[in-house]
Amino acid sequence: AVHGGWVAGYRAEISLSRELDLGLVILSNAETRLVSELGRAFWDLAFDPARSLTSNAVPDR
């Protein structure tokens, strides 16, 4: 389950995997898509631990 949102100057995303018994909260004081991108990268790695950060799981910024 994922829920995210924004208000001028802030972004947030909350996500939960009951399957992995794991949750993630990302809070940012900037209006950037990086919050969503980091969330996706986190879950990609959580569900596929063999994948490494060096495989460009997180886009270059």
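The values are calculated or read from the model by the stated rules, or taken from the named source; none is laboratory data. Keep in mind the model is a prediction, meaning the values are calculated, not measured. Methodologically, a virtual Cβ is constructed for each residue, glycine included, from the backbone with ideal geometry; neighbour enumeration extends over all protein chains shown.
Can you give me the number of residues within segment 21-42 that are surrounded by 14 or more Cβ atoms within 10 Å (Cβ to Cβ) and outside any strand (DSSP E or B)?
9
Which members of segment 1-35 meet the condition of being in contact (Cβ under 8 Å) with a residue 12 or more places away in the chain and among the acidic types (Asp, Glu)?
GLU13, GLU31
Could you tell me which residue of segment 1-20 is nearest to PRO49 (Cα to Cα), considering only residues that are surrounded by fewer than 13 Cβ atoms within 10 Å (Cβ to Cβ) and not aliphatic (A, V, I, L, M)?
Taking segment 1-20 first, the residues surrounded by fewer than 13 Cβ atoms within 10 Å (Cβ to Cβ) are 1, 3, 5, 7-9, 18-20.
Cutting the leftovers down to not aliphatic (A, V, I, L, M) gives us 3, 5, 9, 18-19.
Numbers: HIS3: 23, GLY5: 28, GLY9: 33, ARG18: 17, GLU19: 15 Å.
Taking the candidates together, the pick is GLU19.
Within the group ASP21, ASP44, which residue is out of contact with any Asp or Glu (no Cβ under 8 Å at 6 or more places or on another chain), at pLDDT 90 or above and on the phi > 0 side of the Ramachandran plot?
ASP21
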